[in-house]
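What follows is one structure encoded as structure tokens, with my remarks underneath.
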Amino acid sequence: MRSLVALLLAVACSVSLLLPAAAQTTKLRIATCARTITAGLGAPFAVATKMGWFKAEGIEIEIVPLPGSTDCVKTIATKEVPVALPSVEPLAILRPQGVKAKFFYTAYQTNTYGIAVPADSPIQKHADLKGKTIGVTNMSSAGVIIGRAQAAAAGLNPDTDINIVVAGEGAQPAAMLRNKQVDALSQFDTQYALIENAGIKMRYLDRTAIEKQPANGFLALEETIKSRRKDLVGFARGYAKGTIFAINNPEAAVRIVYELFPQTKPTGKDEATAVRDDVKVFEARMPHLLLEPAGVKKWGESSEKNFRDYAEFLHKWGVLKQKIDAGELITNELIDDINRGLDPAKIAAEAKAYKYGK
């Protein structure tokens, strides 16, 4: 009897070794630093999910929309989410206060922000903003920080010479511009594309001082980067693949965004018009996703020089009360692993050949 039981156990074990293990995924919550998911923000996430690239890495993502980058950094600090996608400025401010977090993947290699005005506005330079009202998405947005810095750089007192108010997102700031409730906006690329879709052509004021500086990236506590290295590498590799695909087939990416995030599909428009308008939104973000303008070679790589230069700019104009080293803000320790096995040319070719729904 014992020999029979042993034989059955041996057979059971040998069969179990032959059966494929059930695919297991780890959930990873990602805080995005805008309440609205747009084509520009959502495309890499949606594509990587649709194509199974996150799942192949053992990752299942959950998007957590937050109002702004400051909220995102604070949420990382309190460990409410393990990963967030903020801009640089709030971390540069909060890091000296004890927030031990770093960017492990730069997603937007050049600055998406800048002050902009309607194309027919008499405002031509930052100094012309004296006595004017500037709209931001919300008061925790990096637009507040950048707007104040650009005003200071133009010789204005950001506390007394400008008035910063909440203008919201999407169609709301367009209405406020149209009704002269704000004179300018300190927002970002995809917001300006949405405003142009609403019928107001926008014009950036001079962005020379900030245009080459880094924008948003994936941020985590240093302890999380160590303890969840495999998860972060897998997530970032999937995101990089989604980015490459979207750059090479924006229309398919937009349609995938509609599928994965149905709330993003505009109402009151036929589908062709909706897709066309949202392709414009993604194309506004596209230049900032590219590696070449930042002088980096690998997906997610952070340029120490660019971060250092931007930190110096923020310190010079009073945003930072003390200097901060770029090494306190970024780490490239995961970049080689993220890019290992990543074939951008193959993904680009697959994207160009992809026909949504066929």
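The values are calculated or read from the model by the stated rules, or taken from the named source; none is laboratory data. Values in this document were obtained by computation on a predicted structure and should not be read as measured data. Cβ placement follows ideal geometry from the backbone for every residue including glycine, while neighbour counts extend to all protein chains displayed. Heads up: the accessible areas ignore ligands, DNA and RNA and are worked out on the full protein's heavy atoms, side chains in. Shrake-Rupley method; radii C 1.70, N 1.55, O 1.52, S 1.80 Å.
Structural remarks
- Selection status of residue 192, out of contact with any Ser or Thr (no Cβ under 8 Å at 6 or more places or on another chain), surrounded by fewer than 21 Cβ atoms within 10 Å (Cβ to Cβ), closer than 22 Å to residue 89 by Cα and not aliphatic (A, V, I, L, M): no
- Among the residues here, residue 264 does not qualify as within 28 Å of residue 60 (Cα to Cα), crowded, with 23+ Cβ neighbours inside 10 Å and not basic (Lys, Arg).
- Residue that is farthest from residue 243 (Cα to Cα) [pool: residues in region 307-341 that are open to solvent by less than 20 Å² (accessible area, probe 1.4 Å) and not β-branched (Val, Ile, Thr)]: 320
- Any pair with Cβ under 7 angstrom, 6 or more apart, that starts in region 170-197 at a residue that is assigned to a helix (DSSP H, G or I) and ends at one that is of a type in the set (D, E, K, R) and open to solvent by less than 40 Å² (accessible area, probe 1.4 Å): 189/285; 190/285; 191/169; 197/277
- Count - residues of region 30-72 that are at pLDDT 95 or above, in contact with an Asp or Glu (Cβ under 8 Å, 6 or more places away or on another chain) and part of a helix (DSSP H, G or I): 3
- Flag if residue 259 is farther than 25 Å from residue 211 by Cβ, in contact (Cβ under 8 Å) with a residue 40 or more places away in the chain and open to solvent by 50 Å² or more (accessible area, probe 1.4 Å): yes
- Where a residue in region 44-57 is over 15 Å from residue 351 (Cβ atoms) and free of Cβ contacts under 8 Å to residues at least 24 places away in the same chain and its partner, wherever it lies, is part of a helix (DSSP H, G or I) and open to solvent by 60 Å² or more (accessible area, probe 1.4 Å), with Cβ under 9 Å and at least six apart: none
- Selected residue (criterion: nearest to residue 234 (Cα to Cα)) from residues of region 269-317 that are free of Cβ contacts under 8 Å to residues at least 12 places away in the same chain, of a type in the set (Lys, Arg) and in a loop (DSSP other than H, G, I, E, B): 297
- Residues (in contact with a strand residue (DSSP E or B) (Cβ under 9 Å, 6 or more places away or on another chain), part of a loop (DSSP other than H, G, I, E, B) and open to solvent by 20 Å² or more (accessible area, probe 1.4 Å)) located in region 129-155: 130, 131, 138, 139
- Residues located in region 78-121, provided they are assigned to a helix (DSSP H, G or I), touching a helix residue (DSSP H, G or I) at 6+ places or on another chain (Cβ under 7 Å) and in contact (Cβ under 8 Å) with a residue 60 or more places away in the chain: 88, 89, 91, 92, 95
- Selection of region 275-319 for residues being in contact with a Phe, Trp or Tyr (Cβ under 9 Å, 6 or more places away or on another chain) and not hydroxyl-bearing (Ser, Thr, Tyr) yields 275, 278, 284, 285, 288, 289, 291, 299, 300, 301, 307, 319.
- Within the set 352, 323, the sole residue that is over 27 Å from residue 65 (Cα atoms) and touching a His at 6+ places or on another chain (Cβ under 7 Å) turns out to be 323.
- Neighbours by Cβ (under 6 Å, 6+ apart or cross-chain): first from region 213-238, part of a helix (DSSP H, G or I); second hydroxyl-bearing (Ser, Thr, Tyr): 231/26; 236/105
- Residue pairs whose Cβ atoms lie under 9 Å apart, sitting 6 or more positions apart in sequence or on different chains, and linking a residue in region 329-345 that is on the phi > 0 side of the Ramachandran plot to a partner that is open to solvent by 20 Å² or more (accessible area, probe 1.4 Å), are 341/237.
- Qualifying residue in region 269-283 (condition: at pLDDT below 95, in contact with a helix residue (DSSP H, G or I) (Cβ under 8 Å, 6 or more places away or on another chain) and open to solvent by 50 Å² or more (accessible area, probe 1.4 Å)): yes
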